[in-house]
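One structure below.
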Ligand code: ZN
């Protein structure tokens, strides 16, 4: 288990399609453990294997609706979704920049666990957003493709304050 380097936007690996996992062996378990350590160190809510340079369909999402338990997703795919909500989004591969992205309100994902056992999970809000974000990483896409404008954390705080004041806010 170790903390791995997180690749940054512009790295060609981040725009490649990851390969399905076919062997649920120690190597996969090491990858999942490394994702967990790396995510904990970076204090994020999700991380996909390509972000640490491994082109496999593996991701980790922190379940903010269930005691921040990490959800290990192997070969995940979105099988159902409903609703739409706009929210701010960031990425450990795009540090310090955030954007407004519209995602489904509720998302159902089918995946396998580290032993190959299939499971289905449905989540809303931030965790649903995170499922979409991480699965996109497995297809070589970053959240920045969904928005025209990126903001720094400071700019974002400022805008949220303006919104609360009842002013016009963004756009
Ligand atoms: Zn990301």
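All of the numbers you see were taken from the coordinates with simple rules; none came from a lab. None of these values were measured; they are calculated from a predicted model.
A few remarks follow.
- Shape analysis of region 1-78 yields a ratio of the Cα radius of gyration to the Kirkwood radius, Rg/Rh, of 0.95.
- Overall Cα dimensions of the chain - principal axes, largest extent first, Å: 54, 32, 28
- For the chain, the mean residue ellipticity at 222 nm estimated from helices alone is -8000 deg cm²/dmol, where every DSSP H run of n ≥ 4 contributes -39500 (n - 2.57) and the total is divided by all residues, rounded to the nearest 500.
- Fluctuation leader among 119, 131, 143 - the chain, Gaussian network, Cα springs under 10 angstrom: 119
- Euclidean distance of C-alpha centroids, region 78-95 and region 20-63, integer Å: 18 Å
- Hull-based mean projected area of region 81-157, where the convex hull spans the alpha carbons, in square nanometres: 5.7 nm²
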